[in-house]
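The values are calculated or read from the model by the stated rules, or taken from the named source; none is laboratory data. Remember, it's a predicted structure, so these values are computed and weren't measured experimentally. Note: ideal-geometry Cβ built from the backbone for every residue, glycine included; neighbour counts use all protein chains shown. With ligands, DNA and RNA removed, areas are computed over all heavy atoms of the protein, side chains included. Shrake-Rupley method; radii C 1.70, N 1.55, O 1.52, S 1.80 Å.
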Amino acid sequence: MTATFTTEGHAARSLQIFDEGEREMVRDMVSNVDDDDVFWDIGGHLGFHSCLVGQCTDRVETFEPTSVAADRARKHAATNDVDAAVHEYALWDANETLTLEPDSVATGGEGPVTVPARKGDDLVDDELPQPNVVKIDVEGAEPRVVDGMRETLADDQCRLVYCEVHRPAETRPSVEDHGATVEEFLDSLRDLGFTVETIMDRGLDLHVKAHAV
């Protein structure tokens, strides 16, 4: 499987990090996604996951709240002939606005930026279809996302959740900045009916796969 991405500006470094650290999780995703699945890419960034998994399924919903990154995700999806709907809001545990710190890729170096946030549970059925496969990579805010879509994740149709879990570090936010230890966050997935296994332990990051029992 191949995909084509532009490498203008800081995107080249972002793609290198993705290539070095995400291969195992992406390999598992594309091996387990069916062509009739609905895939939610939460924290879509530049659309790397969407463009690869989107070659295996017909319905991709990408969530990227910053306009610079969202625009690039749309361009990458078009380049790779992937039909991905890119939504410019964050998934969160409340319907509100958030202030994000500047990031060279996601915000074009400008910031802080204010973005809208939505609860995932409020979107299903009224606006978006129930997902079967979910990927979460939101820079430590994983507990917020899960708390906002507990009904969605507990639904029998949702069978797989892939997540990059951020451990505590001085240089960036972690799950502890959002009210949970790593183990408490993993337990929250287990409480929703998933078995959790580690795909890769990268030290500061933990890549996990939660599959329905």
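Diffusion of the range 94-213 by Stokes-Einstein, at 20 °C in a medium of 1.002 mPa s and with Rh set to the Kirkwood radius over alpha-carbon pairs, works out to 141 µm²/s.
Any chance you could run the full-extension gain for Asp126 through Glu197? It's 0.36 nm times the residue separation minus the Cα-Cα distance, nm to one decimal. Please list the in-between numbers first.
Details: separation 71, 0.36 × 71 = 25.56 nm, distance 3.22 nm.
Contour length minus the Cα-Cα distance gives 22.3 nm.
Model label sites at Asp58 and Glu8, defined 7 Å from Cα along the beta-carbon direction, differ in position by 3.3 nm.
Kirkwood Rh over alpha-carbon pairs of the range 1-116, then Stokes-Einstein at 4 °C and 1.567 mPa s: what D in µm² s⁻¹, rounded to an integer? Don't skip to the answer; put the middle values down first.
Working: Rh = 14.5 Å.
Translational diffusion coefficient: 89 µm²/s.
Computed over the Cα atoms of the chain, the ratio of the radius of gyration to the Kirkwood radius (Rg/Rh) comes to 0.92.
His207 sits with roughly 0 Å² accessible to a 1.4 Å probe, with DNA, RNA and ligands left out of the calculation.
For the range 73-213, what is the relative contact order in percent, using Cα pairs closer than 8 Å and at least 6 residues apart in sequence?
Working: 248 pairs, mean separation 25.8, N = 141.
So the answer I get is 18 percent.
Max-minus-min Cα coordinates of the range 1-54 on each principal axis give 35, 19, 18 Å, with the largest extent listed first. Rounded to the nearest whole Hz, the Karplus-based 3J(HN,Hα) values (6.51 cos²θ - 1.76 cosθ + 1.60, θ = phi - 60°) of the range 52-59 follow the sequence 7, 5, x, 7, 10, 9, 8, 10, with x at glycine and proline. GNM remark for the chain: springs join alpha carbons under 10 Å apart, and the peak mean-square fluctuation among Glu170, Glu183, Glu61 falls on Glu170.
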